[in-house]
Amino acid sequence: MGIQNILWQVAKKSFTGSIIGLTISDRCCSVVPVRGDSMSPTFNPQRNSYLDDYVLVDKFCLKDYKFARGDVVVFSSPTHFGDRYIKRIVGMPGEWISSSRDVIRVPEGHCWVEGDNKTSSLDSRSFGPVSSLLPNPST
């Protein structure tokens, strides 16, 4: 009876801790690994290292935050569902961006993101402006 009681107590505490952890991760903040060298030297400055840098993503303040050029953001890939990219905002809505192929105007509600290591980055130069990072100006 003693072992069953201990196991039951551990199971209850583990379940409670898991629910609290999931809620915090979903609503407040989460830790995201920075993989690859697209943001080098800001993140993962040592190439060919087996250790990734990690960033703490604060989700609680996003509703009131005013994104600006230079901010590092985490967003879902527009081309590979489920993948998350970490890039720097280099163009805001209404600004003109010179890409390798053309000059592009960033549409409202979008931003232009690029990695710090441009030779090794899959970013807006490949898939265009990213939507849903910026709050809608009409709200």
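Nearest 0.05, what FRET efficiency do F15 and F67 give at R0 = 30 Å with Cβ-Cβ as r?
According to the calculation, E is roughly 0.20.
Ranking request for peptides 40-46, 78-84: highest mean number of other beta-carbon atoms within 10 Å first, then the rest in descending order.
The most tightly packed comes first, giving 40-46, 78-84.
Provide the convex hull volume over Cα atoms per residue for segment 60-131, in Å³.
Considering the Cα atoms of segment 60-131, their hull volume per residue is 95 Å³.
Give the peptides 86-94, 103-111 in descending order of average Cβ contacts within 10 Å, highest first.
For the peptides 86-94, 103-111, the packing ranking is 86-94, 103-111.
How high is the relative contact order of the chain, in percent, counting Cα pairs under 8 Å that sit 6 or more residues apart?
The normalised contact order for the chain reaches 18 percent.
Between S30 and M92, what is the spin-label point distance in nm, taking each point 7 Å from the Cα along the Cα→C-beta axis?
2.8 nm
Over the Cα atoms of the chain, what Rg and Dmax result, in angstrom?
That works out to 19.8, 73 Å for Rg and Dmax.
Can you list residues from other chains, or at least 5 along the same chain, whose modelled amide H is less than 5 Å from the amide H of E95?
Under 5 Å from the amide H of E95: V106.
Taking the Cα centre of the chain as origin, work out the dipole magnitude from +1 charges on Lys and Arg Cβ and -1 charges on Asp and Glu Cβ, in debye rounded to 20.
On the way: 16 positive and 14 negative charges, 52 e Å.
Computed charge dipole of the chain: roughly 240 debye.
Hey, what do the phi angles of segment 103-114 turn into as Karplus ³J(HN,Hα) couplings, whole Hz, using 6.51/-1.76/1.60 and θ = phi - 60°, x for Gly and Pro?
9, 10, 9, 6, x, 4, x, 10, 8, 9, 10, 9
Cross-chain or 8 or more residues apart, Cα under 29 Å: how many lysine pairs in the chain fit that? Count them up, please.
Values: K12/K59; K13/K59; K59/K87; K59/K118; K63/K87; K66/K87; K66/K118; K87/K118.
Summing the qualifying lysine pairs gives 8.
On a full-extension model of 0.36 nm per residue, what is the gain between I3 and T119, subtracting their alpha-carbon distance, rounded to one decimal in nm?
Gain on stretching I3 to T119: 35.9 nm.
We did not get these values from a lab; they are worked out from the coordinates using the rules stated. In this text, all values refer to a predicted model and were calculated from it rather than measured experimentally. Neighbour counts are summed over all protein chains in view; Cβ atoms, including those assigned to glycine, are modelled from backbone coordinates with ideal geometry.
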